[in-house]
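Nothing in this text is a laboratory measurement; each read-out follows from the coordinates by a stated rule. All values reported here derive from a predicted model rather than from experimental measurement. When we count neighbours, we look across all protein chains shown, and the Cβ atoms used for this are built from the backbone with ideal geometry, even at glycine.
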Amino acid sequence: MLKRQRREFALPITQMAEAEVKLHVGGHPAMSKPSNPQSAIRNPQSRRWNDYGIGLLEQAQYGPAANAFRRASALNPNDPNLMVNIAIAEMRTERFGPEREQWRKASSALEEALRLDPSNWRTRYYRALVLRGDGRLQEAADELRQIVARYPRDREAQRSLGQTLLTLNRIAEARLAFESVTAIDPTDFGAWQFLTSIYASENRKADAERAQSLYLQWRDDPRAYDIALRFFAAHPQWADERIGAHAHGQHSAHRPVVAGAQAAPDR
């Protein structure tokens, strides 16, 4: 579609992980061996429960997801990441209740994860979010600063730092954090939205106008919802796709499938 419109678009590429494997070949010993060759297959039941919890989490079934992660952690109690997964599920459940019981459960899970591995940066990131949610803004900002120093190209860590500093009214520092987000991904419309108001507060009119323009360019199309409603009204056999968690079975409506040129997005 971009080619037909004579447009070019390039997204930044960020290396997320790297792994190295040394093979034993031709009877010669490998130069190095993994410290625990059984780590990939250890606790298969724990891994299954964790994968199940991830699936529930993606379908917004936060309570069952937390329970699944607890089952996984009970089977593999030395893995701090399973405790972090519990905390994530509990934190997301918190959005739907006036009580803070889930928030306390998340905090407890993260404390246990830190006990298992105090240097786990993933744990420390979510603990910083809990600190911010508890109103301990300076502690959250200090923790997030250490995280972005360790992982300067982590957009979410930079964004969380910027939001925390903004709440602390440290505008210039917050601006630097959001500018770091846009340096990593120039299409991050959320960061441009924050920068629009920050530049305006600093009387940088040209920068504010540019940030607003980029926010409007990259944000979600506000017309998409109405277009989707008209599509589902005209094609009710696809209506259940609006629901995040649903099942397809033998009694599901027939759906014709198009391919090739007929499936082009501009048709």
### Task
Provide the FRET efficiency to the nearest 0.05 for the residue 138-residue 104 pair, computing r from the beta carbons and using R0 = 22 Å.
0.55
### Message
For the range 45-134, take every pair of Cα atoms, bin their distances at 10 Å starting from 0, and report each bin as a whole percent.
### Response
20, 51, 27, 1
### Message
Using DSSP to call loops (not H, G, I, E or B), can you name the GluC sites (Glu not before Pro) in the range 98-131 whose Cβ has at most 11 other Cβ atoms within 10 angstrom?
### Response
99
### Task
Would you mind ranking 254, 248 so that the residue whose beta carbon has the fewest other beta carbons within 10 Å leads the list?
254, 248
### Contact order relative to length of the range 127-224, as percent, for alpha carbon pairs under 8 angstrom and 6 or more apart
18 percent
### Task
Would you mind getting the Kirkwood hydrodynamic radius of the range 119-267 from its Cα pairs, rounded to one decimal in Å?
18.6 Å
